[in-house]
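S.K.: One structure is given below, represented as structure tokens, and several questions about it will come after.
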Amino acid sequence: MAPNNSPLHPAATFNNHGFYKLSRYLRYLKYFHNRPLYPSFPIQPSAFRKYDLDIPSLIHKVGWDSLFENQRFNQCPEGVRMFYASLKRGPGSSPTFFTTVVYNHEIKVTASLMAQTLDLPCLGSSAATNDDFASIVFDFGSAMESLTHDIGRYYPSMLSAGRLADRFKVLHFFITRILLPRSISPNELVHPADAWIMANARDGIQLNFSALMFAHMINYGDENYSSPLPFGPQITRLLHRIGIDLRDKLIVCDVREDLRAQHILTRVDAQVGRRKPVICSGGESADTLAYVEAAPATSNGQLVPALLEVVSTVLDRITAIKRKELIGLEFHHAQIKRAKESASSTSQDEETEGISDYESPPEYDF
């Protein structure tokens, strides 16, 4: 590591902290040195198979299985922030490289360099930006239509992630929180890159992940972004492998291990997963009460034949709900019994996943 600069003035000492120029160091102090790093969500795609959502197959089709082999790394927060603070794009609307300075080492970064040093998937199409998608005539609107599933609910935007079919809702979660993490707004939208990945995962077409990661990373060198910085462990590994001394600067990555498949299914408003009916003050489910309130009546308040049909439907639904609750209770006890009998810690973890509770979600926004 290069030594710090000598004092520039007796009354004001400047420590360049690994930057060539004062201007870059001041930019780092103003916009980056207190920025949080994005946490790690180490959840496996296979956790969703019990809900008949074959997410591993979608991941496999784009060739990204290796990205889930190890999600726990050390990272150097200071080096990661410096990396973004000094990032300068190459020429063109879709640059093929960017440069950055970390601990007085100037680095020219390309998607190929990241693929080689980080062992990233690099087979398949390298399209990664809106310009790239336009050049290969990727129809974003048609892709969205093919990925959505009408559940009879109104959404304020045609790009809302809530319109996706369940398996693509979960895949969108993986894209936006784990693979290409970004700041999540209350009204989540599907970006063109998201639709590109999901459409190719459905069709079984491999994608160059390093190209997508490279294009995504460039955005965070913009000082106007205030969200957590992504790829902390990956950038740290990149710096280490190209020879930058990070000894005594590494800390354990922020790993959020209490996330379960059911938490994600609730977060993305999926239609599958164990759910509890909403109970009204009278003890009936909200949907049942809505049926009764909508029932027609004659002018003298007596039931008409249509109401009898509604009442029959309500009774059928109550019976179905009770039957489902009993099945769920039996399944719950069976899981506890199997967990106690199992000597394997892995099996115990899987059983815990199966009985995770919607009433105990993680205490952080994801």
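The values are calculated or read from the model by the stated rules, or taken from the named source; none is laboratory data. Quantities reported herein were computed from a predicted structural model and do not represent experimental measurements. Here the Cβ is made from the backbone with ideal geometry for all residues, glycine too, and neighbour counts use every protein chain on show. What goes into the accessible areas is simple: the full protein's heavy atoms, side chains included, and nothing from ligands, DNA or RNA. Shrake-Rupley method; radii C 1.70, N 1.55, O 1.52, S 1.80 Å.
S.K.: Is at least one residue of the stretch 88-97 among the small types (Gly, Ala, Ser), open to solvent by less than 50 Å² (accessible area, probe 1.4 Å) and not in a loop (DSSP other than H, G, I, E, B)?
M.R.: There is no residue in the stretch 88-97 that is among the small types (Gly, Ala, Ser), open to solvent by less than 50 Å² (accessible area, probe 1.4 Å) and not in a loop (DSSP other than H, G, I, E, B).
S.K.: Here's a follow-up. Output the residues belonging to the stretch 31-70 that are open to solvent by 50 Å² or more (accessible area, probe 1.4 Å), without any contact (Cβ under 8 Å) to a residue 24 or more places away in the chain and farther than 15 Å from residue 179 by Cα.
M.R.: Within the stretch 31-70, 34, 46, 49 meet the criteria.
S.K.: Then there's this: Would you tally the residues in the stretch 98-117 being surrounded by 19 or more Cβ atoms within 10 Å (Cβ to Cβ) and of a type in the set (A, V, I, L, M, F, W, C)?
M.R.: 6
S.K.: Sticking with this one: How many of the residues making up the stretch 197-209 are out of contact with any strand residue (DSSP E or B) (no Cβ under 9 Å at 6 or more places or on another chain) and either charged (D, E, K, R) or surrounded by 24 or more Cβ atoms within 10 Å (Cβ to Cβ) (or both)?
M.R.: Adding up the residues that qualify gives 3.
S.K.: Would you kindly identify the helices (runs of 4 or more DSSP H) lying entirely within the stretch 162-273 that contain at least 2 residues that are more than 27 Å from residue 101 (Cα to Cα)?
M.R.: Those helices (runs of 4 or more DSSP H) span 166-174, 192-203, 261-267.
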